[in-house]
């Protein structure tokens, strides 16, 4: 174990990526897809040898700042590592250029799920497995690095509750851990704690979907896509799965792990113990899901009453479930669309405005989860601050209660949340501008920018008036979107933290 700790973080990720190529190779061997099997097996041998060579060359490397090294390694992991993932994928899929393969792997590894292959039959099952596996590994990386790297540095949403500065050492629990354990040892420790939970939840959902009637490899893909919130599917959409509504119900139950980190890592991030339903992120998520679902159902119900056909309870229940599942899916930036979502539009004769789903994807899921977006905790901090300011307008002499943590969230937490929200908005504007310069239309660039920065790739299919095809955009726009996905995955504050003089000081 000690020799792994001494290796650079990026080299370790390279080794894991090389070993992961054995999975599609083995699946291709079983399904007699021998071309894909040879490509990924040779890729495993090539990159394993490359990893061993680089590992031997860097085994004695001692970075001056481990925190800076790990942030740079994460940035390289989401930009350079997909090149390694793309090479065997490019060779295995005929008619695919290296740029398209790199875009596909960046999309998968950042758990965005944007795909250039509009037809599911364009890829073989083993090639679909590789897309889903890369996305699943990216989700696991987010789980682990959020607690082991971002939390001690007050990044990734942890700055809302922290008392220290953004990008600097955290106070309280994490500072004490940082003095005892080396950051690399902390990374290994949290990997051993969280990886079994992540793998176990995926296996549980996979078995459940198989029991509901899904084909095993399709069930595995949807299970990996749910836990990683990548939304990657090999059948063109969840509505084409044979598990039906009961499969959606099962997936809906697992979306809770993208709402709050306390569902899978209680106590690891210094959270105050208490019932899960009192968690601010869970409360905000339940309120948003209930509000948007009610509005959408009321809209469809009113539209259906104007038609001559009678309204049945089955139609009402289907419309309610379709809205509930799709709203929760896009709030967690998974991007699965319920089979009842289109039926609700047919029932009422009204199309559902994609702006609802764009707004939900912008908000995103919980801190330290695989979900993207602004994050629920930041929205909660802004809400508490506005609530307190309104109370002070009505009662200037009032004293805000709630304890020290509540005051910190209303003040410093709301302040840094507003800064992040402005940075996020500026990032959307910048990506839209760059996409427009490549020839993409304004409304299309808006949806694509939000989809990339919120890591919700399927938003392109439902966010605009007409579905947007990623395959139809220029190559320059694909490069812009790929880097926007990385920016949305790492978040702007993490990139800015690299310019913090504290982590560059000797």
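Values in this text are rule-based calculations from the coordinates and carry no lab data. These figures come from a predicted structure and were not determined experimentally. Cβ coordinates were reconstructed from backbone atoms using ideal geometry, including for glycine residues, and neighbour counts include every protein chain displayed.
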C-alpha center-to-center spacing [region 232-250, region 401-474] in angstrom
27
Proxy exposure order for 94, 228, 69 (fewest C-beta within 10 Å first) is 94, 69, 228
In whole Å, what are the Cα extents of region 311-352 along the three principal axes, biggest one first?
32, 18, 12
Testing the spin-label approximation: label points 7 Å from Cα along Cα→Cβ at residue 350 and residue 59. State their distance in nm.
6.7
Can you compute the equivalent ellipsoid semi-axes for region 1-133, i.e. the square root of 5 times each eigenvalue of the Cα gyration tensor, sorted largest first and rounded to whole Å?
29, 17, 11
With each label point set 7 Å from Cα along the Cα-Cβ vector, what nm distance links residue 277 and residue 35?
5.5
Helix-only estimate, please: 222 nm mean residue ellipticity of the chain, summing -39500 (n - 2.57) across DSSP H runs of length 4 or more and dividing by its residues, to the nearest 500.
-20500 deg cm²/dmol
Contour minus Cα-Cα span, residue 386 to residue 246, at 0.36 nm per residue, comes to 46.4 nm
Go through 202-212, 450-460 and give me the packing order, highest mean Cβ count within 10 Å leading.
450-460, 202-212
For region 391-502: relative contact order, % (alpha-carbon pairs under 8 angstrom, 6 or more apart):
23
Can you give the translational diffusion coefficient of region 368-415 in µm²/s, computed by Stokes-Einstein from the Kirkwood radius over Cα pairs at 4 °C and 1.567 mPa s?
111
Which of 336, 424 has the fewest other C-beta atoms within 10 Å, and how do the rest follow up to the most?
424, 336
So how much slack lies between residue 496 and residue 290, counting 0.36 nm per residue of separation and subtracting their Cα-Cα distance, in nm?
70.6 nm
Two pseudo-spin positions, 7 Å from Cα along C-beta at residue 22 and at residue 6, lie apart in nanometres by 2.4
Subtract the Cα-Cα distance of residue 49 and residue 433 from 0.36 nm times their separation in residues, and report this length gain in nm to one decimal.
134.0 nm
Sequence-separation-based contact order of region 341-442, relative, with Cα cut under 8 Å and 6+ spacing, percent
18
If R₀ is 25 angstrom, what is the calculated FRET efficiency for the pair residue 306 and residue 441, using the beta carbon separation as r and rounding to 0.05?
0.15
For region 334-439, what are the per-bin percents of Cα-Cα distances with bins 10 Å wide, up to the bin holding the maximum?
12, 29, 27, 22, 10, 1
Mean separation of Cα contacts under 8 Å, 6 or more apart, over the residue count of the chain: relative contact order %
17
Order of 420, 301, 34 - criterion: other Cβ atoms within 10 Å of each residue's Cβ, fewest first
34, 301, 420
